[in-house]
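A quick write-up on the structure given underneath.
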Amino acid sequence: MIGRLLWKWIDVILFVIAIGTIVYGFFLLNYVAGVFSVGLALIILGLLSELISRQEGR
């Protein structure tokens, strides 16, 4: 049980770090691309948080 919870949190943390790195890369390319990537990242994180909350409320 603790191992499963630990892996769940590690997956979430690594996913957020990956999105942050991608957004940072887009800002290095261009400011406008960075702003659009922030919007896209927020949409993806919002959808994933909804998916996780629905799975926990089975």
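The values are calculated or read from the model by the stated rules, or taken from the named source; none is laboratory data. This one's a predicted model, so the numbers in the text were calculated from it and none came from an experiment. Please note: Cβ atoms are built from the backbone with ideal geometry, for glycine as well, and neighbour counts cover all protein chains shown. These accessible areas exclude ligands, DNA and RNA; they are computed on the full protein's heavy atoms, side chains included. Shrake-Rupley method; radii C 1.70, N 1.55, O 1.52, S 1.80 Å.
For segment 22-35, the set of residues classified as open to solvent by 60 Å² or more (accessible area, probe 1.4 Å) and within 15 Å of the chain's Cα centre (by Cα) consists of Ile22, Tyr24, listed by residue number.
Which is touching a helix residue (DSSP H, G or I) at 6+ places or on another chain (Cβ under 6 Å), in contact (Cβ under 8 Å) with a residue 24 or more places away in the chain, surrounded by 11 or more Cβ atoms within 10 Å (Cβ to Cβ) and assigned to a helix (DSSP H, G or I), of Ile19, Ile44? So that I can check it myself, show each step before the final result.
Working: Ile44 fails: touching a helix residue (DSSP H, G or I) at 6+ places or on another chain (Cβ under 6 Å).
One residue alone meets the criteria, Ile19.
The selection criterion, being exposed (fewer than 11 other Cβ atoms within 10 Å of the Cβ), within 15 Å of the chain's Cα centre (by Cα) and not aromatic (Phe, Trp, Tyr), does not hold for Ile2.
Could you list, in sequence order, all residues of segment 47-58 that are part of a helix (DSSP H, G or I), more than 11 Å from the chain's Cα centre (by Cα) and loosely packed, with under 11 Cβ neighbours inside 10 Å? Quick ask: steps written out before the conclusion?
As a first pass, look at segment 47-58 and keep what is part of a helix (DSSP H, G or I): 47-56.
Those left that are additionally more than 11 Å from the chain's Cα centre (by Cα): 50-56.
Of everything in segment 47-58, those that are part of a helix (DSSP H, G or I), more than 11 Å from the chain's Cα centre (by Cα) and loosely packed, with under 11 Cβ neighbours inside 10 Å turn out to be Glu50, Leu51, Ser53, Arg54, Gln55, Glu56.
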